[in-house]
C-alpha cells in the first residue's frame, strides 16, 4: 500500500460561508442576493464571487499589466472542464504578492478551490451558464488591460470605449442573470425581450458606479470617464439605461416572474436611480444613505406584497407598449 498523501477534494461552500463572503466582498449585491430563493440564491451568489475574483485580478494595483493579464488567463483555464490548471497552486501564487489590501478579497482568492467545487455542485445547466459568461468577462478584461500602461494604469479615450468596457464588466452580468432566470419555463417565452434589455440594465448600474467613484478611481490610476466626454452626456446615458432597466423589471413582472426575482432585480434599480439623482445634484462621491436604502427596500417589498411594482419603477418604464 502506498504511503503517498492523498489530495483532498474541496467541499462546496456551506450556505453560511457563501453568505459571509458576500457580506465581506460586496455592497448592493449583499443586500439583493438574499432576496432570492434557492437554487438561484446560491447560483447568483457564486456567480458574483467568481466575478469578484476576476475583478480583484484585473484591479491588482501592485501588479504590472502583464502580471494581471497572465493571472486572468490562468483563472480562465480554471473555468474549463476539466480545469486547465491547479486551483490551489494558483491561489497560493496569487497571494505571494497580494493583489489587494482588502482582506475579504484575499480570503476569497485563498478559497478559489472551494469556489470551483461549489460551481461543480450546481445544477448542470446553471453551472454551464456561469462558466460561459465568467470566461467571456475574463477574456474581455484581458483585452481591456492590453490597452493599459505597463504599470497597469488605464485610461478610456471615448464614450464608445466606456460603453465597451461597461458591457464586459456589467452587460455580460445582465446576460448571465437573464439566462439563469429563463431556465424557469414560465419566463422562457419572454427571453428575447429580456435578452435585448439585459446589457443596458448592466451598463446603467455600472455607469452610476463609475460616476459615483470617479474621484477615487482617478487617484488609483483608473480613468473611466474619457477627457473629451461631457459628464452630462454620461449621466444622460446612465439615465436612459435605467429606463431600459425599468422596462426589464416590468417585463419580468408582466411575464409572471416569481416575487424573489422581482425583488432581486428591482432593488439595485431603485438604488441606482436614487444615486444618479444625487450625483446629478451633488457630483462625484455622492451616495445614498442607509436610511434611504432601508426605505427603498421597504417600499419595494410593500409593493410586491400588493402584487405590484413600486410606482417609481412604473413611472421610469413609461407606458406599456400597446396599452391604453
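Observations on the structure shown:
- Remark on the stretch 42-113: hydrodynamic radius 12.2 angstrom, per the Kirkwood mean of 1/r across alpha carbon pairs.
- With Rh defined as the Kirkwood radius, the inverse of the mean 1/r over Cα pairs, the Rg/Rh of the stretch 4-71 is 1.09.
- The stretch 256-307: mean projected area of Cα convex hull, nm²: 3.8
- Virtual spin-label span in nm between residue 86 and residue 240, 7 Å along Cα→Cβ: 5.1
- For the stretch 142-175, there are no residues whose amide N sits under 14 Å from a probe point set 7 Å from the Cα of residue 128 along the beta carbon direction.
- Rg over Rh for the stretch 162-324 works out to 0.98, both radii taken from alpha-carbon positions and Rh defined as the Kirkwood radius.
- Taking the stretch 95-243 and dividing mean pair separation by its residue count, relative contact order in percent (alpha carbons under 8 Å, at least six apart): 24
- The stretch 290-312-the stretch 132-156 distance, computed between alpha-carbon centres (Å): 37
- Computed extension length for residue 15-residue 306: 101.7 nm, one decimal, from 0.36 nm per residue of separation with the Cα-Cα distance subtracted.
- GNM result for the chain, Cα springs below 10 Å: residue of 219, 136, 287 fluctuating most strongly: 219
- Cα gyration tensor shape of the stretch 13-152, rounded if a/c is under 1.5, else prolate or oblate by comparing a/b with b/c: prolate
- Size-normalised alpha-carbon gyration radius of the stretch 76-220, reference 2.2 N^0.38 Å: 1.18
- Per residue Cα convex hull volume in Å³ - calculated over the chain: 148
- Percentage relative contact order, the stretch 162-324, counting C-alpha pairs under 8 Å, at least six apart: 24
Read the figures in this text as sums done on the coordinates, not as results from a lab. Here the structure is a predicted model, which is why all the values come from computation and not from measurement. Reconstructed Cβ throughout: ideal geometry from the backbone, glycine too, with neighbour counts over all protein chains shown.
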